[in-house]
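Just so it is clear, none of the values below were taken in a lab; they were calculated from the coordinates. Because the structure is a prediction, the values reported are computed rather than measured.
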Ligand SMILES: [Cu+2]
């Protein structure tokens, strides 16, 4: 495990990443802020994503940014609605920190979907899947 200094450093890096992500998103027009779901530091405590409502395009790659290093065991993005095989329409890997792909959007029908973090099911958001 990390000692106190290590933890402070990780928290500071996470904070800086979050600020960069938030600034980047805030400077983009709303429609262009698509395709990124962000979990902010403290997401587990507040049961929220930094992007509570997000547009995800079927035709571009989408990413999940976990900027919350203390949300053990990590966070992910999983649609509540499932395919006929029981698997979510779209999801990401569960990651302790960093960036990963959101998979399955290319075969997800256009529409509105709620999503959660599988490790913290009260962490929810809404995705509008668009062309
Ligand atoms: Cu989580």
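Below, the figures for the structure above:
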| item | result |
| --- | --- |
| Tensor-based shape of the stretch 33-131 (alpha-carbon gyration tensor, a/c under 1.5 rounded, otherwise prolate or oblate) | prolate |
| Separation between Cα centres of the stretch 102-131 and the stretch 66-96, rounded to whole Å | 9 Å |
